[in-house]
Amino acid sequence: MSRQMTGAKMVVQALKDQGVDVVFGYPGGAVLPIYDEIFQQNDIRHILVRHEQGAVHMAEGYARSTGKPGVVLVTSGPGATNAVTGLTDALMDSIPIVCLTGQVPTFMIGTDGFQEADTVGITRPCTKHNWLVKDTSKLADTIHQAFHVATKGRPGPVLIDIPKDVQFATGTYTAPREAKVNHYQPKVKGDLAKITELVALMEKAERPVFYTGGGVINSGPGASLLLRELADATGFPVTSTLMGLGAYPASGKNWIGMLGMHGLYEANLAMHGCDLMINLGARFDDRITGRIPDFSPKSKKAHVDIDPSSINKVIHVDIPITGDVGHVLEDLIKVWKSRGRKVNKDGLAKWWGQIEQWKLKRCLSYKNSDKIIKPQYALQRLEELTKGRDRYITTEVGQHQMWAAQFLGFDAPNRWMTSGGLGTMGYGFPASIGVQVAHPDALVINVAGEASWLMNMQEMGTATQFRTPVKQFILNNERLGMVRQWQQLLHGERYSHSWSESLPDFVKLAEAFGWKGIQCKDPKDLDDAIMDMIDFDGPVLFDCLVEKHENCFPMIPSGKPHNEMLLGDASTEGAIQAGGAVLV
Amino acid sequence: MSALKIKKGASSHSAYDLRDPNAEVIGSHTLAVMVDNEAGVLARVIGLFSGRGYNIESLTVAEVDHEGHRSRITVVTTGTAAVIEQIKAQLGRLVPVHEVHDLTVEGPSVERELALFKVAGSGEKRVEALRLADIFRANVVDSTLESFVFEITGTPEKIDAFAELMRPLGLVDVARTGVAALARGA
């Protein structure tokens, strides 16, 4: 069934055969033959971005909200180097991306040709794998392999560098099922003996906790269902990393909130005080562990991860289980049921009593104001006014991101896209476009800070052109809020370059691109303004002027253990009642 | 809220914990890594070591299966037990890597290195160099009236010892291959 065709045609054919329906890209000299083929077909939609970094973040938003790989097409040299931040972001957060780059013709490689860069060299450490294809007859096979590698095991970005002469030359097309099966076949089933060992600990544990991460979401919707089944059947509390929000529903009865540096008091103390920690698809990131020698000192720890290099990397665990979270949970539930569904009921009752005590701290309370919009209040209103809807949230990076994680509730996986590992300012806006492209009728909101948002604001044109009605909810404090917070708390209140000077008039900026612009500064107007944003059929830039000096609490200072977390001004000044009133 | 009372230079001043958790015993391990002999595979392995801050004491690589295009990379590295485990896991997840063996812990193994030594001199020193070469079972592979090139094979320690002896006798140049190693037995 092999067919002769040009390399450029092969690229398009291979993408079609891989089920790709949309490509985020930007043309240039070294990819013109591929663009010529894209022009002559209608199966694959091409979204023209305004900067290649935007293309990768859009593909990430697409991938995370659908579970399918995101595809990027950019040119050689600057096209490829501009994509590097996005690729690194996808690598850190385990997002499947297939990035196709043009390259100068093979005979020019190494001559410092126009728009030549050593793309495979530059992207080697920021991709899961990459290829330079020098022979058209190997092109289709390589593309199929690339999809395999990007999506199997721990997902990640891959890159295929395609010289222009390879695109022009003719070769034989290989269909996906004829492609050489790569030896890359990560193990998905966990070791049954280890799983049984874990079940035995679960049966006796007095103070267990599920610590879940992005791996549950990457494993697919089935894993989230299994997690819910297991948590509800055992009655164990569930906390999650930033990346794992939505795997267990925020409205679920066992949910104790996000953990980590800005996580909830009860979640962090549960991690610190537990006697059995069950890590499902999380990786003991330094934002989670705090000071390592003091990290959950009294617990037995089990770690389920599909990537063996994640296990025992940072924290030594007692029960390492290499495998896919979904497969392991399936076996785990089977074993636990077959042994009589035992749990330590008395222990658990006491443990929940303790957790309820911790919850009384109301660690998210803050002093509200009727004169100025507090960022937390803005997010509470956003949550209240949008929570029943078909809603997807993306964020930029900083205080607003942490507040969004604290105050918005996610009841389903794939609804929350944020740059966790790399912490890429400028991620959220393009990601929201990618999400909207995949879900045209959904309500897609990017919760942003003004400084992050400006980093990729060029994508406004993309949103206008492709009619993606994304809502940009900017909590504008005219500061690099998180940087300012660190400077206040740790650098003697010397606010070195952490304010946003010369900001644009966001309403006029919106109008300049054919968007709707809304500015809101009075808490009384907030609900109506948010409803205006939701109801507008098109992209909206919402400039929400908020308190400029609000700090994000709770907070675990770096190098501190979980039980030494700082709570907000509200609680330290005994003002819980005032703030608490708002929460009711 | 006022600034936190934290000593200047304390770790809490950083966005990261600056304390080194690895104050443990460091050991040397010989790893054998079987890889697809494809473009960039060595860069991938070396980049992994430099990018994650691992040490390379010695590295040898050559295609050992011409039909299957497989290469064997022998790398001698140092680190704590946890770091060595991490290195093996990181190597193992590279796409072109088929197998990773830690010859140091997986059982007895043989390690050999080949080296070439150029020694220049005359008179008694020249005679002494030749005599020592004989003791070390080094072969003379080039000779002029003023110099020898010796070829020696052995463990890295043996080659180190030979180098020490040659230094006062007119050692000019050394080329070493790095360690090649295989597990003993079938």
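The values are calculated or read from the model by the stated rules, or taken from the named source; none is laboratory data. Computed from a predicted structure; not experimentally measured. Ideal geometry is used to build each Cβ from the backbone, glycine not excepted, and the neighbour counts take in all protein chains shown. Please note that ligands, DNA and RNA were not included when accessible areas were found on the heavy atoms of the full protein model with its side chains. Shrake-Rupley method; radii C 1.70, N 1.55, O 1.52, S 1.80 Å.
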**Asked** Could you work out Rg/(2.2 N^0.38 Å) for region A:3-178, with Rg from alpha carbons only?
**Response** 0.91
**Message:** Compute the helix-to-body angle for A:52-66: its Cα long axis versus the longest principal axis of chain A, expressed 0 to 90° and rounded to tens.
**Reply:** 60 degrees
**Request:** Report the accessible area of A:Phe107, computed with a 1.4 Å probe over the heavy atoms of all protein chains in place, in Å² rounded to the nearest 10.
**Result:** 150 Å²
**Fill in**
Summing -39500 (n - 2.57) over every DSSP H run of at least 4 in chain A, dividing by its residue total and rounding to the nearest 500, the 222 nm mean residue ellipticity is -11500 deg cm²/dmol
**Complete:** Contact-by-burial set, region A:116-152, min loss 50 Å², accessible area of protein heavy atoms with 1.4 Å probe, reference chain alone, gives A:Arg124, A:His129
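When you count, for each residue, the other Cβ atoms within 10 Å and take the mean per peptide, how do A:300-312, A:469-481 rank with the highest first?
Per-residue mean Cβ counts within 10 Å order the peptides as A:469-481, A:300-312.
Given N residues in region A:192-359, what is Rg(Cα) / (2.2 N^0.38 Å)? List each step's numbers first, then the result.
Numbers: Rg = 14.1 Å, N = 168, 2.2 N^0.38 = 15.4 Å.
For region A:192-359, the normalised Cα radius of gyration comes out at 0.92.
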**Asked** Within straight cross-link reach of A:Lys367, meaning Cα distance under 14 Å, which aspartates and glutamates are found once same-chain residues fewer than 8 apart are removed?
**Response** A:Glu547, A:Glu550, A:Asp569, A:Glu573
**Message:** With a 1.4 Å probe and all protein chains left in place, how much of the accessible area of chain A comes from carbon and sulfur atoms, in whole percent?
**Reply:** 52 percent
**Message:** Working only with C-alpha atoms, what are the Rg and Dmax values of region B:24-102, expressed in angstrom?
**Reply:** 12.1, 43
**Prompt:** Where does each of A:Lys152, A:Lys359 land when they are ordered by accessible area, with a 1.4 Å probe and the largest first?
**Reply:** A:Lys152, A:Lys359
**Request:** Convert 4 °C to kelvin, take the viscosity as 1.567 mPa s, use the Kirkwood radius over C-alpha pairs of region B:109-183 as Rh, and evaluate the Stokes-Einstein diffusion coefficient in µm²/s, rounded to a whole number.
**Result:** 105 µm²/s
**Message:** Just to be sure I understand: with springs between alpha-carbon atoms less than 10 Å apart, which residue in B:Ala39, B:Ala120, B:Ala129 has the highest mean-square fluctuation in the Gaussian network model of chain B?
**Reply:** B:Ala39
**Asked** Looking at A:Gly421, B:Ala120, A:Gly244, which one has the Cα that reaches farthest to the positive end of the dipole of the protein assembly as shown (charges on Cβ: Lys, Arg +1; Asp, Glu -1)?
**Response** A:Gly244
**Item:** Residue-averaged 222 nm ellipticity for chain B, from DSSP H runs of 4+ at -39500 (n - 2.57), nearest 500
**Value:** -7500 deg cm²/dmol
**Prompt:** Could you name the lysines in cross-link range of B:Lys118, using Cα to Cα under 25 Å and dropping any fewer than eight places away on the same chain?
**Reply:** B:Lys158
**Asked** With the other protein chains left in place, how much accessible area per residue, in square angstrom, belongs to the protein assembly as shown at a 1.4 angstrom probe?
**Response** 41 Å²
**Asked** Tell me, what are the semi-axes, in whole angstrom and largest first, of the equivalent ellipsoid of the protein assembly as shown as set by the roots of 5 times the Cα gyration tensor eigenvalues?
**Response** 49, 35, 26
**Prompt:** Can you list, bin by bin at 5 Å, the percent of alpha carbon pairs in region A:405-515, starting at 0?
**Reply:** 2, 10, 19, 22, 18, 14, 8, 5, 2, 0
**Complete:** Taking a straight Cα-to-Cα line shorter than 20 Å from A:Lys204, and setting aside same-chain lysines fewer than 8 residues away, one finds A:Lys194, A:Lys298, A:Lys300, A:Lys301, A:Lys334, A:Lys337, A:Lys342, A:Lys345, A:Lys350
**Heavy-atom accessible area ranking, 1.4 Å probe, most first, across A:Arg389, A:Arg124, A:Arg467** = A:Arg467, A:Arg389, A:Arg124
**Item:** Probe 1.4 Å - accessible area at A:Tyr392, Å² to nearest ten
**Value:** 20 Å²
**Request:** Give the accessible area for A:Lys560 in Å² (nearest 10); use a 1.4 Å probe, count only protein heavy atoms, and leave out ligands, DNA and RNA.
**Result:** 60 Å²
**Asked** What order do A:Leu276, A:Leu32 take when sorted by accessible area (1.4 Å probe), most exposed first?
**Response** A:Leu32, A:Leu276
**Request:** Quote the total accessible area buried by chains A and B together, excluding ligands, DNA and RNA, probe 1.4 Å, nearest 100 Å².
**Result:** 2500 Å²
